[in-house]
Amino acid sequence: MANLLLNPNVYDPPQFDLATRRQLRAVIDWFEDRGKAKLLKDDLDAVWVSDFVDFIKRERIFATFLTPSEYGGGDANKRWDTSRNAALSEIFGFYGLAYWYAEQVTILGLGPIWQSDNIKAKERAAEQLEAGGVMAFGLSEREHGADIYNTDMVLTPVDEHDDEGVVFRASGEKYYIGNGNVAGMVSVFSRRADVAGADGYVWFVADSGHQNYHLIDNVVHGQMYVSNFRLDDYPVHEEDILCTGPDAFSAALNTVNVGKFNLCSGSIGMCEHAFYEAITHANNRILYGNPVTDFPHVRASFVEAYARLIAMKLFSDRAIDYFRSAGRDDRRYLLFNPVTKSKVTSEGETVVTLLRDVLAAKGFEKNTYFCEVAKLIGALPRLEGTVHVNVAQILKFMPNYMFNPADYPEIGTRNDQADDVFFWAQGPARGASKVQFADWNPVYEKSLGIPNVARFYEQATALKELLATAAPDEEQMRDLDFLLVVGHLFSLVVYGQLILEQADLIDLDRDLVEQIFDFQIRDFSAHAVALHGKPSSTPAQQEWALSAVRKPVTDAQRFDRVWEHVKAYDGAYEMRP
Ligand SMILES: Cc1cc2nc3c(=O)[nH]c(=O)nc-3n(C[C@H](O)[C@H](O)[C@H](O)COP(=O)(O)OP(=O)(O)OC[C@H]3O[C@@H](n4cnc5c(N)ncnc54)[C@H](O)[C@@H]3O)c2cc1C
């Protein structure tokens, strides 16, 4: 079997052009040259990532990766390319969530800018990126959480445009805003004092260095700067306004669509580095005269963690193809995106828990990256929309996905050097329930020769039956506690589809596909049992739930082959001291 995990010792992704490969390599070299001791000490001392930001400036990393070619000033390497952005984000996750986060909030901050019609603001953003600047995304407020309809950042119109061309004065606070300590352009979501409802929404840019921008604090303890700031009569000029009215609300949601995809690759990177440390420790730790990995439960944990981690990568890699091929007539990314967010990042947490159970005390040591990952991996499923919010979103796509397929041209692997311009022209964020999908059944049917795929397909087909014969009633449709379980069952079918597609595209070893569908079957069974136990489940639903439980097809020799592959990662990578 091939080495499927990111390994800095040999990293040189052949699918990218030379300039991209050089920059990605430079990022790895920067972290490796600084070394593990400094990486971990900065985390423990909660040092803001300023040296990283200096490096990003020097190497023009964000300028190259986060500027659409239209604003690239003729630089042939500048483009917004989800494929290479995912590779970059995986590397950041591999070395630290705080580095990943500085990029993540820059991406989010750029969302309303690249989507707007304000050319001056876009030129300013391109200039600032070129000069090494980072951005921020000012949506959240302390009182309102996920309820972004409510904002207390208020714009008061200035009667006569004053001498400096000020059109509004902005006052209010924002909370949990990454990079709000340094960003030259903070995209701020607000509402007009004089216009009620959705027509009053406005995105504008503020400068964190302005005297009316007051940085209050970092609301977390750590390397990430998650700011609370206040604007007092902040002067907003015409050229600071990005978008207004319902378009501004769509821009918020569309930005999150682009940004939250990045969470899966961050999670993957964190898990990969943790995995190397875990296997290298456990396979060399002798207890009672034998390696810890001789315990059957320890082996099972490693094989399970590895299969889950590879599945995370397969799904996310395939989702990139759909993202990059999206357009007004193909909005399937709107489903695959919240699945990357809720499912892949939750799987990251599961992987780390499995490894942590094996590492036990070692996983707490301050000289391990694992310790940092264990502390932070849970951030990804919970931030930028919780699993609840995303699974609720996923459910909107279920009827069409399950019952009403459409024809689409086949989409292959998208590693080409294209600029993903559609992200900045997504249009109104509406109509999720109208999006159609290619029939998912043939994807499974093609792999029915793999016993665990065949068994999982029985469960997926059973879900269809549940929805057709014992679907949630009117009351259950209002009960998100009940519906979320249905959403988890549905997510597994979608997860399996893209995993199979990617496995096919890269000709993944069949043993691994079997091992992946082994846990898919058990996860489906667990959610079915959860549905059975829900207070409002009907007798028909309970009966369905029990009949949908399956045992994976076991094969001791296949398990041993996957274990041998896992064991080969022992010592394969150790960060430079
Ligand atoms: C480290 C960190 C960095 C962040 N960075 C930024 C940033 O740079 N910019 C920014 O704007 N924000 C940022 N945030 C804010 C973050 O995105 C918030 O989590 C978000 O505003 C939601 O608010 P909340 O977490 O307080 O949850 P709440 O909205 O208070 O939710 C409470 C509970 O209700 C559930 N819930 C709420 N709405 C729904 C729904 N519609 N459907 C189902 N369940 C629902 C949630 O799942 C949750 O369990 C950051 C937060 C942190 C901690």
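The values are calculated or read from the model by the stated rules, or taken from the named source; none is laboratory data. Since this is a predicted model, take the numbers as computed values, not measurements. FYI the Cβ positions are ideal-geometry reconstructions off the backbone, even for glycines, and counts take in every protein chain you see. To get the accessible areas, we keep the full protein, side chains included, count just its heavy atoms, and leave off ligands, DNA and RNA. Shrake-Rupley method; radii C 1.70, N 1.55, O 1.52, S 1.80 Å.
How long are the semi-axes of the equivalent ellipsoid of the chain, taking √(5λ) for every eigenvalue λ of the Cα gyration tensor, in whole Å from largest down?
39, 30, 22
Of all DSSP beta bridges located in region 48-200, what percent are antiparallel, nearest 5?
Around 40 percent of the beta bridges assigned by DSSP in region 48-200 are antiparallel ones.
Pairs of Cα atoms under 8 Å, at least six residues apart: use those to get the relative contact order of region 378-502, whole percent.
35
I need to check one value: relative contact order of region 297-378, counting alpha carbon pairs closer than 8 Å and at least 6 residues apart, in percent.
Relative contact order here is 36 percent.
Taking the highest mean first, how do the peptides 97-104, 461-468, 57-64, 391-398 order by number of other beta carbon atoms within 10 angstrom per residue?
Top of the packing list down: 97-104, 391-398, 57-64, 461-468.
Just grab the label-to-label distance for His297 and Val421, each label 7 Å out from Cα along the Cβ direction, in nm (one decimal).
Distance between the two pseudo-spin positions: 5.8 nm.
At 0.36 nm per residue, minus the direct Cα-Cα distance, what do Glu127 and Arg285 gain on full extension? Give it in nm, one decimal, please.
Once the chain is fully extended between Glu127 and Arg285, it gains 51.6 nm.
What ranking do 120-129, 444-453 get when scored by the average of other Cβ atoms within 10 Å per residue, highest first?
Averaged packing, sorted descending, gives the order 120-129, 444-453.
So, by mean Cβ neighbours within 10 angstrom, what's the order for 282-292, 362-372 with the highest one leading?
Per-residue Cβ counts within 10 Å, averaged per peptide and sorted highest first, yield 362-372, 282-292.
What is the Cα centroid distance between region 114-139 and region 272-339, reported in whole angstrom?
Measuring centre to centre over Cα atoms gives 35 Å.
Give the Kirkwood hydrodynamic radius (Å, one decimal) of region 135-258, defined as one over the mean of 1/r across all pairs of different Cα atoms.
14.4 Å is the Kirkwood radius here.
Of all DSSP beta bridges located in the chain, what percent are antiparallel, nearest 5?
Of those bridges, close to 85 percent are antiparallel.
Just the Cα atoms of region 293-428: what Rg and Dmax do they give in Å?
Computed over the Cα atoms of region 293-428, radius of gyration and Dmax are 18.4, 56 Å.
Where a ≥ b ≥ c are the square roots of the eigenvalues of the C-alpha gyration tensor, would you call region 122-203 rounded, which needs a/c under 1.5, or, failing that, prolate if a/b is larger than b/c, or oblate?
In terms of gyration-tensor shape, oblate.
Please state the charge dipole magnitude for region 1-104, taken about the Cα centre, from unit charges on C-beta atoms (+1 on K and R, -1 on D and E), reported in debye and rounded to the nearest 20.
That gives region 1-104 a dipole magnitude of about 140 debye.
Given R₀ = 56 Å, what would the calculated FRET efficiency be for Ala198 paired with Ala37, taking r from the Cβ atoms and rounding to 0.05?
0.60
What FRET efficiency do you get for Glu543 and Asp147 if R0 is 35 Å and r is their Cβ-Cβ distance, rounded to the nearest 0.05?
0.35
Quote the convex hull volume per residue of region 1-83, based on C-alpha atoms, as a whole number of Å³.
About 127 Å³ per residue, rounded to a whole number.
What is the magnitude of the charge dipole of region 426-547 about its Cα centre, with +1 placed on the Cβ of each Lys and Arg, -1 on the Cβ of each Asp and Glu, and no other charges, expressed in debye to the nearest 20?
300
Dipole of the chain (Lys/Arg Cβ +1, Asp/Glu Cβ -1, origin at the Cα centre): which of Val298, Tyr101, Ala274 lies farthest to the positive side?
Farthest towards the positive pole: Val298.
Asn441 to Asp17: FRET efficiency via 1/(1 + (r/R0)^6), r the Cβ-Cβ distance, R0 60 Å, to the nearest 0.05?
Between Asn441 and Asp17 the formula returns 0.95.
Once the dipole of region 304-427 is set up with Lys and Arg at +1 and Asp and Glu at -1 on Cβ about the Cα centre, which of Phe336, Trp424, Pro381 lies farthest towards its positive end?
Positive-most Cα among the choices belongs to Pro381.
Can you give me the % of accessible surface on the chain that is carbon or sulfur? Probe 1.4 Å, all protein chains present, nothing else counted.
Taking all protein chains in place, the chain shows 51 percent carbon and sulfur surface.
Run the reach check for Lys366 against lysines, Cα to Cα strictly under 21 Å, same-chain hits fewer than 8 apart removed. What comes back?
Of all the lysines, those that pass the test against Lys366 - Cα under 21 Å, at least 8 places apart if same chain - are Lys36, Lys38, Lys41, Lys375.
Take the alpha carbon atoms of region 486-546, find their center, do the same for region 402-445, and report the distance between the two centers in whole angstrom.
Rounded to whole Å, the Cα centres lie 22 Å apart.
Rounded to the nearest 20 Debye, what is the dipole magnitude of the chain about its Cα centre when Lys and Arg each give +1 and Asp and Glu each give -1 at the C-beta?
The dipole of the chain has a size of about 1500 debye.
Over region 1-93, give the accessible area per residue in Å² for a 1.4 Å probe, as an integer.
With all protein chains present, region 1-93 gives 39 Å² per residue.
Where a Cα-Cα gap under 17 Å defines reach, which lysines qualify for Lys313, not counting those fewer than 8 residues away within the same chain?
List returned: Lys260, Lys341, Lys343.
Got the relative contact order for the chain handy, in percent, Cα pairs under 8 Å and 6 or more residues apart?
15
What helices does the chain have that are whole DSSP H segments, at least 15 Å long along their own axis by Cα, and with mean Kyte-Doolittle hydropathy of 0.5 or more?
Correct list, ordered by number: 97-115, 480-506.
Between region 1-62 and region 231-271, how far is it from one alpha carbon centroid to the other, in angstrom?
Each part reduced to its Cα centre gives a spacing of 26 Å.
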